[in-house]
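Asker: Before I ask anything, let me first share the structure, which is written out below as structure tokens.
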Amino acid sequence: MALLSSFNEDRPVSYFRGHPIYCSTILTIAYAVGIVLTALLEGLMANCIFFPNTAFFQGEIWQIFLCTFVNQPSFSTLFSLFFLYVSAVEVEKYIGRARFLVLYAIFLFTPIVILTIWMLATGQSTPYLGNFEVWVGFFVAFCTLYPNLQWFGLIPVKWLAIGAYAIWLLVLVSRQNWLSALVFTLICAASFGYIRFLQNGGELPRIPNPFEFWRRPKFKVVARPSSFAKPSARDQQTDLSEMDRLLDKISKHGLASLTAKERDSLERARAKLLDQDDK
């Protein structure tokens with residue numbers, strides 16, 4: 001099962017020294033910068049960790065958009081950054097920029113929504129940070145698009161994804177971290193489901209732009225000329241005279257003797273006469 005051919009949009013945002021720059025490239029660079037800032041400005045970046053109570057009830061809205069860039073430098077963080085780029089850039093090439101951004105928004109806001117609902121239900125404000133859910137989501141999307149691609153020529157990536165999901169879910173359940181297990185499962189399911197949705201020809205409804213109304217060109221209403229207005233006798237005589245002159249020229253010198261302007265005049269006169277005959 002493959003996506004529609006119109007989905008195969010390999011359109012980079014820009015180029016740098018001949019190399020294509022995709023949204024996934026920019027996103028990976030932003031996450032790398034986030035790792036550096038977390039190491040250098042740990043206190044400042046701590047204010048970017050998402051807490052549902054502070055984000056929504058104390059006005060710290062920036063946490064919603066910046067929490068995923070708070071990443072402590074480590075080998076696992078660099079490993080996830082590599083997987084993020086490799087997976088995300090291929091997904092973006094395949095499904096196109098707009099659908100890629102929709103998928104990224106799903107990965108970004110799913111944990112936010114789940115943790116907010118959890119807070120409203122239990123009163124517990126659980127923190128959220130890091131890009132784990134993002135790179136996992138893009139990896140699942142990549143494996144959904146290319147399920148039979150061989151990992152180092154040994155194992156299809158679909159079995160690698162299934163095995164990795166099962167192992168990590170078992171780890172979370174063994175730690176009784178039910179909330180993280182729920183978020184992890186929903187991210188994987190949303191990634192798989194969205195790609196399958198596109199593969200079946202689905203499209204999300206277009207959100208209307210409220211500013212389109214103000215950008216519409218202004219139209220001036222003018223009186224429409226009546227298409228049934230009968231041409232005057234003088235106009236008819238002029239058209240007949242013009243056609244006779246051109247037909248006479250054709251009979252003497254051939255059709256090639258007419259200029260482009262005369263050809264247009266002949267065609268207009270012919271169309272008018274045909275229109276009059278129909279009426």
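The values are calculated or read from the model by the stated rules, or taken from the named source; none is laboratory data. Just so it is clear, the structure is predicted and the values come from calculations on it, not from any experiment. No Cβ is skipped: glycine too gets one built from the backbone with ideal geometry, and neighbour counts run over all protein chains shown.
Asker: If you check Ala105 against the conditions, is it assigned by TED's automatic domain parsing to the domain that holds Ile195 and modelled with pLDDT of 90 or more?
Answerer: So Ala105 fits the description; yes.
Asker: Please enumerate the residues belonging to segment 178-197 that are of a type outside the set (Phe, Trp, Tyr) and either in contact with an Asp or Glu (Cβ under 8 Å, 6 or more places away or on another chain) or at pLDDT below 90 (or both).
Answerer: Result: Val183, Ile187.
Asker: Could you list, in sequence order, all residues of segment 147-159 that are of a type in the set (A, V, I, L, M, F, W, C) and in a helix (DSSP H, G or I)?
Answerer: Result: Val157, Trp159.
Asker: Which residues, taken from segment 144-159, are surrounded by 11 or more Cβ atoms within 10 Å (Cβ to Cβ) and either closer than 13 Å to Cys188 by Cα or of a type in the set (A, V, I, L, M, F, W, C) (or both)?
Answerer: Thr144, Leu145, Leu149, Trp151, Ile155, Val157, Lys158, Trp159
Asker: Of all residues in segment 160-184, which are in a helix (DSSP H, G or I) and either loosely packed, with under 14 Cβ neighbours inside 10 Å or in contact with a Cys (Cβ under 8 Å, 6 or more places away or on another chain) (or both)?
Answerer: Leu160, Ala161, Gly163, Tyr165, Ala166, Ile167, Leu170, Val171, Val173, Ser174, Trp178
Asker: So, in segment 84-141, of the ones that are surrounded by 20 or more Cβ atoms within 10 Å (Cβ to Cβ) and not in a helix (DSSP H, G or I), which residue ends up nearest to the chain's Cα centre (by Cα)?
Answerer: Asn131
Asker: Oh, and also: All but one of (1) among the small types (Gly, Ala, Ser); (2) at pLDDT 65 or above; (3) assigned to a loop (DSSP other than H, G, I, E, B) hold for Ser227; state the number of the condition that does not hold.
Answerer: Evaluating Ser227 over (1) among the small types (Gly, Ala, Ser); (2) at pLDDT 65 or above; (3) assigned to a loop (DSSP other than H, G, I, E, B) leaves (2) as the failure.
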